[in-house]
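Let me begin by presenting the structure, written as structure tokens, before commenting on it.
The numbers here are math on the coordinates, done by the rules we state, and not lab data. Just so you know, these numbers come straight off a predicted model, no measurement behind them. Virtual Cβ from ideal backbone geometry, glycine too; neighbours counted across all protein chains shown.
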Amino acid sequence: MAGILVFIEQRDGAIRKGSFEALSEARRQAAGAGWEVAAVLPGSGVASAAGDLGGYGASRVFVADDAALKLYSAEGYAQAVVAAVEKMEPDAVFFSATAMGRDLAPRVAARLGVGGLADVTALSLENGTFVARRPVYSAKAFATVDCAGKKPQVIGLRPNVFAAEQAGGTAEVVSLDGLSYSIRAVVKELLESAGGEVDVAEANIIVSGGRGLKGPENFALMRELAGLLGAAVGASRAAVDAGWIDHSHQVGQTGKVVSPTLYIACGISGAIQHLAGMSSSKIIVAVNKDPDAPIFKVADYGVVGDLFDVVPAMVEELKKLQAA
């Protein structure tokens, strides 16, 4: 039976949101073609998480549970995914285009001797082959691409673009036993963001600050607004390069590409590098004292004013709404 295999990303046994989105999209695509949807879950002590995947459409879950896979390594995880591909022989392999997915998908494609489609924002199945739409030229245009008939098709789906939907159901768990993992570069430790901050790549709401914040101490204002909204804190390249905030918060072509429901840009002029990373947001709100700032060309709502006046006013209004 033809089908789609979905790579499942997890951290400490908790499945990441982007993987549920990729699995849900696989189910939607497979429904019309009568294809099977399966998942591959690498890690250590992750077997218990496999049960959640049936509810999103997986009929089988290939579990690679091994101490060597406790921390992510491209070599070990690629070996596990390829082993699942060899067992299932799918027509396509889906990844969520997170930092991990972007690193892993090309390695899997290279091992399988096929091409890949990266950062896909729309997908259709035509005569057994996926045709994808993806942004190019810093999101100034879109390209329609396919894998030239080679299978399995390796496809990375942009997070927060495809909806995660539960459909009910259970999955058969298949253990990928007997694999001897060859890992040359060993990850020793993963350092989490301070305070358990929300990852901008998966956030539904992002509050970003730029050069207009004038210094690292003023990111406290961004964090206060983000806390009231349940949002992640983002930043422009200028703020990151100045050392005001960690690179993990950077949104843009050289940072993380995001597609939240709401993106609030404070003191960000809107250089093309930044716009390439957030222009696919559903609603964009810009706060900038320069009425000619490029950010206003992509914003759905714009406030021309000093962010040190506007943002505190927003914070106060949100506190009133929450207290009501």
| message | Using Cα springs under 10 Å in a Gaussian network model of the chain, which residue among GLY115, GLY156, GLY51 shows the largest mean-square fluctuation? | response | GLY51
| Overall Cα dimensions of the range 168-324 - principal axes, largest extent first, Å | 62, 39, 28
| note | re the range 250-324: pairs of Cα atoms spaced beyond 20 Å account for a percent value of 34 percent
| said: As an exercise, identify the trypsin sites (Lys or Arg not before Pro) in the range 86-167 lying in DSSP coil whose Cβ has no more than 10 other Cβ atoms within 10 Å. | reply: none
| query | Over the range 190-292, what is the relative contact order in whole percent, taking alpha-carbon pairs under 8 Å and six or more residues apart? | reply | 29 percent
| note | In degrees rounded to 10, the 0-90 angle between helix 17-33 Cα long axis and the longest Cα principal axis of the chain is 50 degrees
| said: Give the separation of the Cα centroids, the range 108-173 to the range 1-70, in Å. | reply: 16 Å
| task | State whether the range 1-66 is rounded, prolate or oblate according to the following rule on the C-alpha gyration tensor (a ≥ b ≥ c being the square roots of its eigenvalues): a/c under 1.5 gives rounded; otherwise a/b larger than b/c gives prolate, and the remaining case gives oblate. | result | prolate
| note | Helix 307-323 sits off the longest principal axis of the Cα atoms of the chain, rounded to the nearest 10 on a 0 to 90 degree scale, by 70 degrees
| task | Among PRO90, PRO291, PRO135, determine the one that fluctuates most according to a GNM of the chain built with springs between C-alpha atoms less than 10 Å apart. | result | PRO291
| request: Net charge near ILE15: determine it from the other residues with C-beta under 13 Å of the C-beta of ILE15, scoring Lys and Arg +1 and Asp and Glu -1. | output: -2
| task | Decide, for the range 44-142, between rounded, prolate and oblate: order the square roots of the alpha carbon gyration tensor eigenvalues as a ≥ b ≥ c, take rounded if a/c falls under 1.5, and otherwise choose prolate if a/b is larger than b/c, else oblate. | result | prolate
| request: Evaluate the chain: find the radius of gyration of its Cα atoms, find its Kirkwood radius, and give the ratio Rg to Rh. | output: 1.00
| task | For the range 156-220, evaluate the Debye formula with one uniform point scatterer on each Cα (no solvent term) and list log10 I(q)/I(0) at q = 0.16, 0.22, 0.23, 0.29 Å⁻¹, rounded to two decimals. | result | -1.04, -1.12, -1.12, -1.23
| field | Degrees between helix 219-229 axis and first principal axis of the chain (Cα, 0 to 90, nearest 10) | value | 60 degrees
